[in-house]
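The values are calculated or read from the model by the stated rules, or taken from the named source; none is laboratory data. Quick caveat: nothing in here was measured; it's all calculated off a predicted structure. Note that each Cβ is placed from the backbone with ideal geometry, even for glycine, and that neighbours are counted across all protein chains shown. Please note that ligands, DNA and RNA were not included when accessible areas were found on the heavy atoms of the full protein model with its side chains. Shrake-Rupley method; radii C 1.70, N 1.55, O 1.52, S 1.80 Å.
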Amino acid sequence: MKKTDIQLRSRQWFDDDADPGMTALYLERYLNFGLTREELQSQRPIIGIAQTGSDLVPCNRVHVELADRVKQGIRDGGGIPLEFPVHPIQETGRRPTAALDRNLQCLSLTEILHGYPLDGVVLTTGCDKTTPALLMGAASVNLPAIALSGGPMLNGHYLGRCAGSGTVIWEARKRLARGEIDTEAFMQAAAGSAPSAGHCNTMGTALTMNCLAEALGMMLPGCASIPAPYRERAQMAYYTGKRAVQMVWEQLTPDRILTRAAFENAIAVCSALGGSTNAPIHINAIAAHAGVHITLEDWQRCGQRIPQLVNCQPVGEYLGEEFHRAGGVPSVTAELLGAGLLHGDALTVSGRTLEENCRDSRSADRRVIRTVDEPVAAEAGLMVLSGNLFDSAVMKVSAIDGEFRRRYLSDPTSPNVMEGRAIVFDGPEHYHAEIDNPALNIDEECILVMRGAGPKGYPGSAEVVNMQPPTALLEKGVQSLPTIGDGRQSGTSGSPSILNASPEAADGGGLARLRNGDRIRIDLNLRTVDALVPETEWRARDAQLATPANQTWWQQLYRREVSGLDGGAIFESMADYRNIIARTPRHSH
C-alpha cells in the first residue's frame with residue numbers, strides 16, 4: 001500500500017479541511033514548545049513514546065535517556081515523536097504490591113492512545129509488570145506498536161562471587177537467619193547485585209517478560225537481552241524508533257502479531273528460558289486483551305515438555321550479560337525452531353516471520369544456551385496442578401534441585417509424591433511473626449501454606465509464597481520446605497513453590513478451608529494437590545477468609561473487578577474492548 005493511500009489518524013486532529021475551527025484548536029497548543037505547522041500538517045506519522053521511566057521507577061529509568069535515541073530514529077524514519085508518561089510501576093518500591101498497578105498502567109496507556117493524535121507508539125518496557133501492562137493496552141487499542149526493553153543491569157558481584165539481583169536477597173536472608181552474616185553484610189550483598197542501570201540481571205520476571213515480548217514478535221530481534229549500559233541498547237532504541245514509523249505505513253498492528261501461534265511460541269520459549277512463574281499470569285492477560293483465549297492447560301500442553309536451554313539464575317549459573325553474549329532470545333528461538341517446537345511462520349514487528357528473524361542464529365556459548373539434545377533440564381516447563389485446595393496452580397519443576405528431590409520426591413514406593421503436615425499462615429505478617437514459634441513444631445515433614453495473598457485477598461497478589469524454613473531447620477541444613485500459596489513469588493526466587501492458586505482463599509478457594517495439622521498430598525505424576533480430609537468434614541468447614549480493609553478507592557475497585565490469577569488477574573470488562581482505534585473519539589469542544 002502506498003503512503004498516499006493511508007489517511008494518518010493524527011490528521012483528524014491537525015489537518016481536517018472539513019473543520020478548520022477544531023483543527024486550529026488542536027494545533028495551536030502543540031506549537032507552543034517549538035513544533036511547526038509544517039511538521040504537524042505534513043504526511044508524517046506522529047509516534048508516541050510511552051515513557052515508563054522516572055526516578056520512582058529505577059528499573060526503567062534508563063528510558064529517560066534512551067528516549068532521545070528513539071526520537072532520533074523516529075525523525076530519521078520520517079515521523080514526529082511525542083513522548084508522554086504513563087502510570088509508574090516499580091516492583092520493589094510499590095506497597096502493598098506492584099501487581100495492583102499493572103491494570104492501571106494498562107488503562108493509562110489505553111486512554112492515551114485512544115484520545116490523543118497518535119499514529120503509532122513505542123512501548124518502553126523493563127520492570128516486571130510494565131511489559132505486560134503496555135502490551136495489554138497496545139493489544140486493546142490496536143495502534144501500530146513496538147516494544148523497547150531498557151535491558152538488564154550488568155552482572156552483580158559481592159566478595160568475588162557472582163551476585164544475581166533478587167536471588168542474592170533470598171540467599172542472604174537464610175544466612176542472616178543462621179547468624180552467618182550481620183545486617184550490614186546483608187545490605188552490602190544486596191547493593192552488590194545492582195551495579196548499574198537496568199532491571200533484574202537474573203532470569204526473573206523482568207527479563208523473562210521482555211524475552212517473551214520478543215518471542216511474541218513485539219520487539220525487534222535481539223532487543224530483550226541487551227544490558228542497559230551497553231552501546232547496543234541505545235542503538236536498538238534508534239532502530240526501534242525508526243521501525244515504528246515504517247509499521248504505520250505497513251499498517252502492521254498488534255492483531256496481526258498477537259495470534260494464537262505467537263502465544264504458543266511464548267509459552268514454549270518461557271520453558272526454554274527457565275522463566276518466571278509470573279509469566280502465565282501476564283501472558284494470559286495479554287492474550288485476553290488481544291482476544292486470544294489462552295488458559296493454563298495451554299501452558300501444560302505447549303510448555304511442560306519443553307527442555308530448559310538457558311543456564312541462568314535463579315535455576316542456573318549465569319546472569320544477563322552471559323545470556324546476551326551467548327545470543328539471547330534469537331539463539332534460544334533458533335534451537336527450538338530446529339527441533340520443530342515453535343510456529344516459525346508467526347509474524348513479528350520486523351515485518352518478517354519468527355523463522356526469518358532467527359533461523360541463522362546460533363549460541364555463542366553452550367554453557368549458557370544449551371542445545372535441545374543436551375539441555376539444562378528435560379521437560380522443564382511449568383506444571384499445572386489441581387485438587388481440592390484449588391482448581392489450578394503452577395509449579396516450576398525446573399526449580400526442583402537435587403536436595404529437594406531427594407528429601408521429598410524420592411520414595412521408591414511413590415516417586416514424585418510427597419505428604420506433609422500443613423502449617424497455615426494468613427498473610428506474610430502472620431508468617432514472619434510465627435515461623436519460629438516452637439509451639440508450631442515445624443519439622444522437615446511440614447508443608448508451609450500462605451493464603452490471603454491473592455488478587456482479592458491482599459489485594460493485588462503479593463510475592464510472598466517463597467517462605468524459608470524456621471531458623472532451627474536452617475541451622476540443621478534444611479534449606480527449603482514445600483510451600484503452597486494463593487499469592488505469587490518473585491521470579492528471581494529458585495523455590496519450587498506451588499503457587500498462583502485459583503480460586504484464592506479470599507474468593508472461596510479450598511485453601512480457606514485448610515487448618516494447621518491437616519495432611520496434604522502432592523502427586524506430581526497425577527498433577528494433583530489435595531488436603532487429606534474426609535469429604536463431609538471438608539465441605540462443612542467455613543470457606544470464608546477475613547481480608548484487610550481497602551485503603552484506597554482503587555483497591556476497592558480492583559478487588560471488585562479482578563479475575564483470578566489463572567485468568568491473568570485482568571478486569572474482564574476492560575478486556576472486552578478491542579480494536580479501540582477503529583472509532584475516533586468525538587471532538588472535545
### Task
Residue by residue through the stretch 226-242, note down the ones that are surrounded by fewer than 24 Cβ atoms within 10 Å (Cβ to Cβ) and either of a type in the set (Gly, Ala, Ser) or under 28 Å from SER42 (Cβ atoms) (or both).
ALA234, GLN235, TYR238, TYR239, LYS242
### Query
Of the residues that sit in the stretch 300-314 and are in contact with a Phe, Trp or Tyr (Cβ under 9 Å, 6 or more places away or on another chain) and in a loop (DSSP other than H, G, I, E, B), which one is least open to solvent (accessible area, probe 1.4 Å)?
ASN311
### Summary
So, first residue in contact (Cβ under 8 Å) with a residue 24 or more places away in the chain in the stretch 58-73, second residue of a type in the set (Asp, Glu) and open to solvent by 10 Å² or more (accessible area, probe 1.4 Å), Cβ within less than 6 Å, six or more apart or across chains; the pairs are ALA67/GLU83
### Query
Do the conditions hold for SER386, that is, is it part of a strand (DSSP E or B), touching a strand residue (DSSP E or B) at 6+ places or on another chain (Cβ under 6 Å) and of a type outside the set (A, V, I, L, M, F, W, C)?
yes
### Task
Among the numbered conditions (1) within 25 Å of GLY491 (Cβ to Cβ); (2) basic (Lys, Arg); (3) touching a Cys at 6+ places or on another chain (Cβ under 6 Å), tell me where ARG421 comes up short.
(1)
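Pick out the one residue from ALA549, ALA569 that is assigned to a loop (DSSP other than H, G, I, E, B), buried (at least 17 other Cβ atoms within 10 Å of the Cβ) and at pLDDT 95 or above.
ALA569
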### Task
Residues that are in contact with a Lys or Arg (Cβ under 9 Å, 6 or more places away or on another chain) and either among the hydrophobic types (A, V, I, L, M, F, W, C) or open to solvent by 40 Å² or more (accessible area, probe 1.4 Å) (or both): find the helices (runs of 4 or more DSSP H) completely inside the stretch 95-202 holding 2 or more of those.
130-141, 183-192
### Task
Confirm whether GLU434 is open to solvent by 20 Å² or more (accessible area, probe 1.4 Å), under 25 Å from GLY316 (Cα atoms), out of contact with any Gly (no Cβ under 8 Å at 6 or more places or on another chain) and at pLDDT 95 or above.
no
### Query
Just for the stretch 339-362: of the residues that are farther than 18 Å from ILE267 by Cβ and not hydroxyl-bearing (Ser, Thr, Tyr), which one is nearest to the chain's Cα centre (by Cα)?
VAL349
### Task
Collect the residues in the stretch 340-365 that are more than 22 Å from ASP255 (Cβ to Cβ) and surrounded by 16 or more Cβ atoms within 10 Å (Cβ to Cβ), keeping them in residue-number order.
LEU341, CYS358, SER361, SER363
### Task
From (1) within 20 Å of ILE447 (Cα to Cα); (2) touching a residue at least 12 places away in the same chain (Cβ under 8 Å), pick out the condition that doesn't hold for PRO534.
(2)
### Query
So which residues in the stretch 203-225 are surrounded by fewer than 24 Cβ atoms within 10 Å (Cβ to Cβ) and either touching a strand residue (DSSP E or B) at 6+ places or on another chain (Cβ under 9 Å) or of a type in the set (Val, Ile, Thr) (or both), if there are any at all?
LEU220
### Message
Tell me whether the stretch 543-562 contains one or more residues that are small (Gly, Ala, Ser) and within 30 Å of GLY291 (Cβ to Cβ).
### Response
no
### Task
Name, by its number, the condition in (1) within 14 Å of ASP486 (Cβ to Cβ); (2) without any contact (Cβ under 8 Å) to a residue 60 or more places away in the chain; (3) more than 25 Å from the chain's Cα centre (by Cα) that does not hold for GLN544.
(1)
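Going by the conditions given, is ARG37 under 24 Å from GLY73 (Cβ atoms), open to solvent by 40 Å² or more (accessible area, probe 1.4 Å) and in contact with a strand residue (DSSP E or B) (Cβ under 9 Å, 6 or more places away or on another chain)?
Values: under 24 Å from GLY73 (Cβ atoms): yes; open to solvent by 40 Å² or more (accessible area, probe 1.4 Å): yes; in contact with a strand residue (DSSP E or B) (Cβ under 9 Å, 6 or more places away or on another chain): no.
Judged against the criteria, ARG37 is not a match.
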### Message
It is to be established whether one or more residues within the stretch 265-278 are open to solvent by 10 Å² or more (accessible area, probe 1.4 Å), in contact with a Leu (Cβ under 8 Å, 6 or more places away or on another chain) and not in a helix (DSSP H, G or I).
### Response
no
### Task
Report the residue count in the stretch 339-365 for those that are part of a helix (DSSP H, G or I) and within 19 Å of TYR230 (Cα to Cα).
0
### Task
Working only within the stretch 42-71, note down all residues that are open to solvent by 20 Å² or more (accessible area, probe 1.4 Å) and touching a helix residue (DSSP H, G or I) at 6+ places or on another chain (Cβ under 6 Å).
ARG69
### Query
Restricting the search to the stretch 379-399, which residues are crowded, with 22+ Cβ neighbours inside 10 Å and farther than 20 Å from GLY487 by Cβ?
ALA380, GLY381, SER398
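Each row is one residue, and each column tells you yes or no for (1) within 15 Å of ALA213 (Cβ to Cβ); (2) open to solvent by 10 Å² or more (accessible area, probe 1.4 Å); (3) part of a helix (DSSP H, G or I).
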| site | (1), (2), (3) |
| --- | --- |
| ILE286 | yes, no, yes |
| GLY316 | no, yes, no |
| PHE323 | no, no, yes |
| VAL329 | yes, no, yes |
| LEU337 | no, yes, yes |
### Task
Scan the stretch 81-94 residue by residue and report those that are surrounded by 22 or more Cβ atoms within 10 Å (Cβ to Cβ) and touching an Asp or Glu at 6+ places or on another chain (Cβ under 8 Å).
PRO88, ILE89, GLU91
